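Following: one structure in structure tokens, then a few remarks.
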Amino acid sequence: MLRPWLAAGVIAAALVTSAGASTVDETALDIQTREVAKTLRCTVCQTENIWESGSPFARQLRDNVRERLEKGQSPEDIRAYFLSRYGDYILMQPPTRGVNWLVWLGPFALLLIGGALLYRTLRGWVTQTPLPAPPADPLDEPSRRRIERELHS
Amino acid sequence: MTRGWQIALIVGLLGLFALFYQGLWGNPRLIPTVLIGTPAPAFAGPAVGADGTVSLEQFRGKVVMLNFWASWCLECRLEHQNLLAINERFGRDPNFVMLGVNYQDQEADALAYLRTYGSNFAHVRDVKGAISFDYGVYGVPETFVVDQQGVIRCKTIGPIIGTVYAEYTQRLLPGLLQGGTEAVTC
């Protein structure tokens with residue numbers, strides 16, 4: 001029968017081995033390349049970044065990013081380089097300046113305007129709708145006298 | 001609602017419709033260039049089918065027409081005879097040079113292409129895509145025209161055919177060869 005301390009040792013060794021295995025195949029350079037590549041748009045595939053795209057253009061761009069990182073360029077330098085060559089389109093997130101603010105703030109502005117219009121419209125409906133008239137007396141005088149007479153008879 | 005707010009709302013809605021129109025019916029592949037009016041990036045690379053290197057520096061002071069192409073590119077075939085005709089006509093001017101940049105291609109395929117369709121100008125291999133990235137190229141064919149001061153004056157995405165060809169041969173290249181700069185762009 002397996003002794004408890006031996007079992008604990010085997011489990012610990014397995015955990016250490018599996019934890020090590022998950023980091024062995026990806027270097028710091030790989031991670032940095034992936035992080036930069038995920039911020040750059042694949043210009044031939046429209047909605048994909050160059051990390052996820054399988055196009056030759058994206059592959060070449062990824063290699064270029066990697067080479068630049070190897071040469072010691074920072075992620076900001078690399079993004080600035082591609083921005084200077086391809087314009088804002090190359091970035092997955094448009095930079096927050098100039099007319100790009102419209103892209104960032106536009107949806108919130110439209111939400112606010114829509115909300116204000118909705119509030120105004122609903123408020124208009126509420127104030128314009130007349131209050132319900134009080135119910136008319138369901139019994140006229142002769143009917144009431146007749147009911148009383150029959151009750152007391 | 002005041003009249004001012006009504007006008008602002010209508011203008012905003014028209015703006016939205018314009019965005020939707022551009023998004024739905026515009027050409028999503030067309031990325032506006034940011035390089036017009038900027039210095040042409042220097043480059044050097046191995047010549048296609050020849051020894052030695054080809055560099056932009058060799059042609060300083062000339063109008064340079066830089067055409068990015070590949071043997072697998074069907075649209076490049078459409079424009080190829082026009083490129084040969086342009087070089088045939090303007091290549092006589094000592095201030096003009098046409099250069100081909102072979103993009104994402106194998107040299108053997110590029111040479112076979114040039115043997116099939118002909119060539120009367122030099123070509124450089126863009127081995128790792130560095131030249132293409134420097135010029136913001138994302139597909140082929142793309143053509144740049146650099147003036148005698150080394151400034152990019154024109155970028156054309158797609159083949160040099162039809163009205164584009166006419167524009168190049170009748171206005172752009174003659175204007176730049178006569179020393180035109182700012183006024184001669186495409």
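Between B:Thr53 and B:Arg89, what's the calculated FRET efficiency when r is the beta-carbon distance and R0 is 41 Å? Round to 0.05.
After rounding, the FRET efficiency stands at 0.90.
Counting trypsin sites (Lys or Arg not before Pro) as exposed when in a DSSP loop with at most 14 other beta carbons within 10 Å, what is the longest stretch of chain B free of them?
No qualifying site falls inside B:129-186, the longest such stretch.
With the crude spin-label approximation of a point 7 Å out along Cα→Cβ, what separation in nm comes out for B:Gln178 versus A:Ile113?
The two pseudo-label positions are separated by 4.8 nm.
Arrange the following residues from fewest to most other Cβ atoms within 10 Å of their Cβ: B:Trp69, B:Trp5, A:Trp104, A:Trp51. Before the final figure, lay out each step's value.
Values: B:Trp69 26, B:Trp5 10, A:Trp104 13, A:Trp51 19.
The most exposed by this proxy come first: B:Trp5, A:Trp104, A:Trp51, B:Trp69.
Could you give the dipole magnitude of chain B about its Cα centre, charging the beta-carbon of Lys and Arg +1 and that of Asp and Glu -1, in debye to the nearest 20? All intermediate terms of the calculation are to be shown ahead of the outcome.
Details: 13 positive and 15 negative charges, 89 e Å.
Dipole of chain B, to the nearest 20 debye: 420 debye.
State, in angstrom, two size descriptors of segment B:3-86 derived from its alpha carbons: Rg to one decimal place and Dmax to the nearest whole number.
Considering segment B:3-86 through its Cα atoms, Rg and Dmax are 22.2, 73 Å.
Go ahead and run the numbers for FRET between A:Gln46 and A:Ile11, Cβ-Cβ distance against an R0 of 51 Å, rounding to 0.05.
Using R0 = 51 Å, I get an efficiency of 0.60.
Quick check for me: using +1 on Lys/Arg Cβ and -1 on Asp/Glu Cβ, what's the dipole size of the protein assembly as shown about its Cα centre, in debye to the nearest 20?
Rounded to the nearest 20 debye, it is 680 debye.
Just the number, please: percent antiparallel of the DSSP beta bridges in the protein assembly as shown, rounded to the nearest 5.
So the antiparallel bridges amount to about 60 percent of the total.
Over the residues of segment A:20-153, compute the C-alpha Rg and express it relative to 2.2 N^0.38 Å.
In units of the 2.2 N^0.38 Å rule of thumb, it is 2.48.
Roughly how many Å is it from the Cα centre of segment B:79-148 to that of segment B:1-24, as a whole number?
Each part reduced to its Cα centre gives a spacing of 45 Å.
Near B:Lys155, which lysines are there with a Cα under 24 Å away, not counting those fewer than 8 places off in the same chain?
Reachable lysines: B:Lys62, B:Lys128.
Test of the criteria: in segment B:89-184, which GluC sites (Glu not before Pro) are in a DSSP loop and have at most 16 other Cβ atoms within 10 angstrom of their Cβ?
B:Glu182
None of the figures in this text is laboratory data; all of them are computed from the coordinates on show. The structure displayed is predicted, hence computed values, not measured ones. Heads up, the Cβs are rebuilt from the backbone with ideal geometry, glycines too, and the neighbour counts pull from every protein chain shown.
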